[in-house]
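Following: one structure in structure tokens, then a few remarks.
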Amino acid sequence: MDFSLTEDQELLKNSIKEFAERVISKNLEEMINSRRIPDEIFSEFRRMNLFGVSVPQKFGGMGASPVEMGIIGEEIGRADPTASISVLYLVHNSWSYLISRYGTELLKASTLPKIASGELITGIATTEPSCGSDISAIKTRATKKGNSYVINGEKSFISLAIDIKERGGGFVTSAKTDPSKGASGISLFYVPYSERIEISKLEEMGREGSTWGALRFNDVEIPAEYLLGEVNRGFNIIHEGFELARSIIAVTSAAMALRALDDGMDYIKERKAFGTTVGKFQGIQFQLAEDVAKMEAALTMGYRALWMYGEEQAERRFNRFQVTREVAIAKLLSTVWAFDAINDSLQWHGAYGYSKNNLQEVALRAVRSFQLAEGSREVMKMIIARESLGHDYYRK
Ligand SMILES: Cc1cc2nc3c(=O)[nH]c(=O)nc-3n(C[C@H](O)[C@H](O)[C@H](O)COP(=O)(O)OP(=O)(O)OC[C@H]3O[C@@H](n4cnc5c(N)ncnc54)[C@H](O)[C@@H]3O)c2cc1C
């Protein structure tokens, strides 16, 4: 067992750290005020090849491993308390990965170079107004018409929706190809944004720079080659995207919390009450110790999930169920603990912590999203229980 990074991974970590500290911190205030990710972030992402992290090198990407994707996610997570840049990074790259892995040659050749260059942004569209956790209940239909599929239906709570509409890109989209078969009748498609997709903006609690939207597909015709993998296998394939995104979320949440704890430590070393610095009170020290211990553990679990995911994808070891379980453990604990740790740091700041746009306040609202996005904490518990008790105990 070796927990160290390779020389190349250290270089990657340092370059992303430098980028994140310099570019993200410079743009933070503007992002919080405008509630959009500034253009400079997009152009810096292009310069650093951060839109091509999961895209193979032959299509212009970085061809990074899942662990390397986590290294980047960690550094962005530390620098971005709004989690918006983290979401741009992890949603785009996790779901582009499925195009690299399951796309037809035609789809890959026509999209991947543009995905890698940031000309096309990738989102995931699976949740619908009437169902989220229960993917088997989706109503969106894909009907075969000659050498095309025609998509009709509605999706909701879709991250990056407005960015994709304005900047170009598409959605990895789940749709029923055989409604009589439940989960076994779902297929996955790449659906490029077009005017036949009506997109409306949704307002959210945190993630200041992010955009969030509802989609209506009105007879959206796409080439049959935009199917990802085999027809009616979408339910299985989509979980490979979820697992990658969930593992990066585990690392990102831990990094956001560790940053908030660092800020909290700086504050309690200075702030005085009852004739001494607040950091000398054991009541605060014990809370800090528990938070640090939990978040360091969560970070390690996130990397373990990413490493297992990479091993399974390369068919070296582990099966899908083992990976699903470890990913769910990492995402559940990291997102719940991170919320608590950031909340503690907010508390140590007293009334300053509760003030609008204070780092802890921004991070608390942002990190809360990760207890829902890419699979809720209850769904993570369902997975862990199912994989621990056995599938006979799984009740849909
Ligand atoms: C910030 C944010 C970003 C998102 N981005 C995207 C995106 O880009 N693309 C996309 O497709 N979706 C996105 N979503 C949607 C997200 O995936 C869903 O919110 C999530 O899957 C839960 O679905 P739901 O909201 O429909 O809740 P429901 O499935 O309706 O569940 C309601 C509540 O019941 C709980 N629950 C459900 N089943 C069980 C059970 N068996 N046992 C116990 N509790 C249960 C749920 O955890 C939840 O708390 C996003 C959501 C958020 C908050």
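The values are calculated or read from the model by the stated rules, or taken from the named source; none is laboratory data. Being a predicted model, the structure only gives us computed values, none of them experimental. Reconstructed Cβ throughout: ideal geometry from the backbone, glycine too, with neighbour counts over all protein chains shown.
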message: Please count how many residues of segment 168-184 are under 25 Å from Leu107 (Cα atoms) and within 16 Å of the ligand (Cβ to nearest atom).
response: 9
- request: Please state which of the following conditions Ser184 fails to meet, knowing it meets all the rest: (1) assigned to a strand (DSSP E or B); (2) of a type outside the set (Phe, Trp, Tyr); (3) touching a residue at least 40 places away in the same chain (Cβ under 8 Å).
  value: (1)
field: Filtered residues of segment 140-156 (kept if touching a Pro at 6+ places or on another chain (Cβ under 9 Å) and touching a residue at least 40 places away in the same chain (Cβ under 8 Å))
entry: Asn147, Ser148, Tyr149, Glu154, Lys155, Ser156
- prompt: Looking at this structure, is Glu21 among the charged types (D, E, K, R) and at pLDDT below 95?
  reply: yes
query: In segment 252-308, what residues are in a helix (DSSP H, G or I), among the basic types (Lys, Arg) and over 20 Å from Ala363 (Cα atoms)?
result: Lys269, Lys280, Arg304
Search result, residues across segment 1-33 that are surrounded by 17 or more Cβ atoms within 10 Å (Cβ to Cβ), under 21 Å from Trp307 (Cβ atoms) and aliphatic (A, V, I, L, M): Leu12, Ile16
- prompt: If you go through segment 342-396 one residue at a time, how many are touching a helix residue (DSSP H, G or I) at 6+ places or on another chain (Cβ under 8 Å), among the acidic types (Asp, Glu) and either within 8 Å of the ligand (Cβ to nearest atom) or under 27 Å from Ser159 (Cα atoms) (or both)?
  reply: 2
field: Val231, sole failed condition from (1) more than 21 Å from the chain's Cα centre (by Cα); (2) within 14 Å of the ligand (Cβ to nearest atom); (3) not in a strand (DSSP E or B)
entry: (2)
task: Kindly list the number of the only condition in (1) over 17 Å from Glu225 (Cβ atoms); (2) more than 16 Å from the ligand (Cβ to nearest atom) that fails for Gly103.
output: (1)
- request: For segment 45-84, name all the residues that are aliphatic (A, V, I, L, M) and either free of Cβ contacts under 8 Å to residues at least 40 places away in the same chain or farther than 24 Å from Glu204 by Cα (or both).
  value: Met48, Leu50, Val53, Val55, Met62, Ala64, Val67, Met69, Ile71, Ile72
message: Show me the strands (runs of 3 or more DSSP E) found entirely inside segment 62-161 where at least 3 residues are surrounded by fewer than 24 Cβ atoms within 10 Å (Cβ to Cβ) and not assigned by TED's automatic domain parsing to the domain that holds Phe339.
response: 141-145, 148-159
query: Exactly one of (1) assigned to a helix (DSSP H, G or I); (2) touching a residue at least 24 places away in the same chain (Cβ under 8 Å) is unmet by Glu30. Its number?
result: (2)
message: Looking at the structure I just gave you, is Ala351 small (Gly, Ala, Ser), touching a Leu at 6+ places or on another chain (Cβ under 7 Å) and closer than 24 Å to Glu208 by Cβ?
response: no
message: With the structure loaded, tell me whether Leu12 is part of a helix (DSSP H, G or I), within 14 Å of Thr82 (Cα to Cα) and not assigned by TED's automatic domain parsing to the domain that holds Met308 or whether it fails that test.
response: no
- prompt: Could we say that Glu311 is within 24 Å of Gln9 (Cα to Cα) and in a loop (DSSP other than H, G, I, E, B) here?
  reply: no
message: Looking at Ser210 and the list (1) under 20 Å from Tyr102 (Cβ atoms); (2) among the polar types (S, T, N, Q); (3) touching a Ser or Thr at 6+ places or on another chain (Cβ under 8 Å), which single condition is not satisfied?
response: (1)
- prompt: Of the residues Arg36, Arg47, which is surrounded by fewer than 19 Cβ atoms within 10 Å (Cβ to Cβ) and under 15 Å from Gly209 (Cβ atoms)?
  reply: Arg36
Tally, over segment 250-295, of residues that are closer than 20 Å to Ile72 by Cβ, among the acidic types (Asp, Glu) and either in contact with a Gly (Cβ under 6 Å, 6 or more places away or on another chain) or surrounded by 14 or more Cβ atoms within 10 Å (Cβ to Cβ) (or both): 0
